[in-house]
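Pasting a structure below so you can have a look.
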Amino acid sequence: MAETINYIVKDKSFEKFAMMMLLGTTGDAMDIHSNFFFTFWGLNLLTKKFKPKVAGMPTPMKGMGAKIFRKRMAKFGIEDPMGMIKDAVENGNMKLFPCQMTMDLMKIKAEDIIDIAEEPVGAATFLEMCADGKIVSL
Amino acid sequence: MAVKTLDYSGLKCPMPVLKTKKELKNLTSGQVIEVISDDVGAKKDIPALLNKIGDELVELKEEGSKLIFIIKKA
């Protein structure tokens, strides 16, 4: 059975989005199964039309920073991060789980969530997934 | 002899790994490819990928800033 790594994504920054994308797609290439559990602000990364901003930059530059990073990453060959995530999800090696309780807490509706995400799950379901694997908090 | 030479110069992590994997998927057992990268991270990343998926790194050559991986599909 393939190795599984479970990730908790709790922030909505561009950095967290990029880390999720890089680790999930590389895991797919390495036949490592990745479960991502999105909770609190991390849920924003799963909502339609959301554009993550760079947390580590001064406030007026956060949005522009993401555009600059995207441009630079395109030059490295990372041209379509969302498309890469879709491929890894379609290959079955990357799964994106919204956390149900924090969705309710943050008033994020099921229809706001992107189509490639799994059905929302709760803490017990995520911990059950993690029982025999590793957990990484992003 | 390599059936294909793939030059990934200019690409950075994780693209050389992702593209190498994509190519390996389409090979038949025993076929060899040559992968070129100038990403310093690839020196450890490509062997890590191969270690995980079970294909063989036949040779790693360094020519200036270029890394040349000779890879055999298991």
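The values are calculated or read from the model by the stated rules, or taken from the named source; none is laboratory data. Only a predicted model underlies this, so the values are computations on that prediction, with no experimental measurement involved. When we count neighbours, we look across all protein chains shown, and the Cβ atoms used for this are built from the backbone with ideal geometry, even at glycine. Each accessible area value is taken on the protein alone, full model and side chains, heavy atoms only, with ligands, DNA and RNA left out. Shrake-Rupley method; radii C 1.70, N 1.55, O 1.52, S 1.80 Å.
Go through (1) touching a residue at least 60 places away in the same chain (Cβ under 8 Å); (2) more than 23 Å from B:LYS19 (Cα to Cα); (3) not in a helix (DSSP H, G or I) for A:LEU43 and report which single condition fails.
Just one mismatch for A:LEU43, condition (3).
Which residues, taken from the range A:20-51, are of a type in the set (A, V, I, L, M) and farther than 19 Å from A:GLY133 by Cα?
Of everything in the range A:20-51, those that are of a type in the set (A, V, I, L, M) and farther than 19 Å from A:GLY133 by Cα turn out to be A:MET21, A:LEU22, A:LEU43, A:LEU45, A:LEU46.
Follow-up. Identify all residues within the range A:119-136 that are part of a loop (DSSP other than H, G, I, E, B), modelled with pLDDT of 95 or more and open to solvent by less than 70 Å² (accessible area, probe 1.4 Å); write none if there are none.
The answer is A:PRO120, A:GLY122.
Now for a separate question. Just for the range A:21-31: of the residues that are of a type in the set (A, V, I, L, M, F, W, C) and at the interface with chain B (Cβ under 7 Å from one of its Cβ atoms), which one is most open to solvent (accessible area, probe 1.4 Å)?
Out of the qualifying residues, it is A:LEU22.
Residue pairs, Cβ under 9 Å, 6 or more apart or interchain, first in the range A:72-99 and more than 12 Å from every other protein chain (Cβ to nearest Cβ) and over 21 Å from A:ASP11 (Cα atoms), second hydrophobic (A, V, I, L, M, F, W, C) and in a loop (DSSP other than H, G, I, E, B). List them.
Matching pairs, first to second residue: A:GLU90/A:ILE116.
Okay, residues lined up against (1) surrounded by 20 or more Cβ atoms within 10 Å (Cβ to Cβ); (2) farther than 23 Å from A:PHE76 by Cβ; (3) in contact with a Lys or Arg (Cβ under 7 Å, 6 or more places away or on another chain):
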residue: B:ASP7; (1), (2), (3): no, no, no
residue: B:LEU27; (1), (2), (3): no, yes, yes
residue: B:GLN31; (1), (2), (3): no, yes, yes
residue: B:LYS52; (1), (2), (3): no, no, no
residue: B:GLU59; (1), (2), (3): no, yes, no
